[in-house]
Amino acid sequence: TVLHGETLEDPYFWLREKENPAVRAYLEAENEYADAATSHLSGLAGALYDEMLARIQEDDTSAPYLFRGYEHWVRTVKGQQYPIHHRRRLSTQGTPGPVETTLDGNALAAGRSFMSLGAHAMSDDGQLLAYSTDDTGFRQYTLRVKNLPTGVLWSRAFEKVVSVAWAGDSETLFFTEENHAK
């Protein structure tokens, strides 16, 4: 690759070719080698995992924060791997409305072997939620927009999104995408 007049050489660039059978074979061989080289540590790894899990409060709720008339918080549930995002409207008298689930990471991950939540941005009017997910592990996030009152997703998704921000009009969404020009 030539960048700013400099030639850059990466002997591992070919590993980006995800559909190449040679890449898969190479990675599987690396995994087999790592498993064999660390097999004597499996008991210790299990003990460490159990100890760490015993020190984690699996049922947990974050401190709530206020945003545009809503109280927002995140909850984790024992036995589930991903956080659940909630909110409820606060009235002018300060009495809370019903709890709404804005995004459930466990539902997003259903049927997938991997899930990572990237962006999580609420529009100023509280009607739309822009969020991005990666279900491949390659840190290439897909942006979706959810209409919170109806639960309906926009029909269009945006690939390889890095960052997201709403304009103050709650109708304009700014985002950046990866550019892997060769």
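The values are calculated or read from the model by the stated rules, or taken from the named source; none is laboratory data. These numbers were taken from a predicted model, which means no experiment stands behind them. So basically every Cβ, Gly included, is an ideal-geometry build from the backbone, and we count neighbours across all protein chains shown. Accessible surface is based on the protein model in full, side chains and every heavy atom, while ligands, DNA and RNA are left aside. Shrake-Rupley method; radii C 1.70, N 1.55, O 1.52, S 1.80 Å.
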Checklist outcome for this item: Filtering segment 1-44 down to residues that are among the acidic types (Asp, Glu) and surrounded by 10 or more Cβ atoms within 10 Å (Cβ to Cβ) yields 17, 28, 30, 32, 35
Checklist outcome for this item: Those residues of segment 156-180 which are of a type in the set (A, V, I, L, M, F, W, C), open to solvent by less than 80 Å² (accessible area, probe 1.4 Å) and more than 14 Å from the chain's Cα centre (by Cα) amount to 157, 158, 165, 166, 167, 173, 175
Item to check | Of residues in segment 96-107 being within 13 Å of residue 73 (Cα to Cα) and polar (S, T, N, Q), the one surrounded by the most Cβ atoms within 10 Å (Cβ to Cβ) | outcome: 102
Next on the checklist: Checking the condition more than 28 Å from residue 18 (Cβ to Cβ) and either aliphatic (A, V, I, L, M) or assigned to a strand (DSSP E or B) (or both), which residue from 165, 119, 107, 130 passes?
Outcome noted: 165
Next on the checklist: Taking the criterion of being surrounded by fewer than 18 Cβ atoms within 10 Å (Cβ to Cβ), of a type in the set (Gly, Ala, Ser) and within 23 Å of residue 65 (Cα to Cα), would at least one residue in segment 142-155 satisfy it?
Outcome noted: yes
Item to check | Among (1) open to solvent by 90 Å² or more (accessible area, probe 1.4 Å); (2) in contact with a Pro (Cβ under 6 Å, 6 or more places away or on another chain); (3) not charged (D, E, K, R) - the single one residue 52 does not satisfy | outcome: (2)
Checklist entry - When you go through 80, 93 one by one, which is the residue that is open to solvent by 80 Å² or more (accessible area, probe 1.4 Å) and either touching a residue at least 24 places away in the same chain (Cβ under 8 Å) or not in a loop (DSSP other than H, G, I, E, B) (or both)? => result 80
Checklist entry - When residues of segment 120-141 are filtered for being under 14 Å from the mean Cα position of the chain (by Cα), within 20 Å of residue 89 (Cα to Cα) and open to solvent by 60 Å² or more (accessible area, probe 1.4 Å), how many remain? => result 1
Next on the checklist: Against the definition (under 29 Å from residue 138 (Cα atoms), assigned to a strand (DSSP E or B) and basic (Lys, Arg)), how does residue 75 come out, yes or no?
Outcome noted: yes
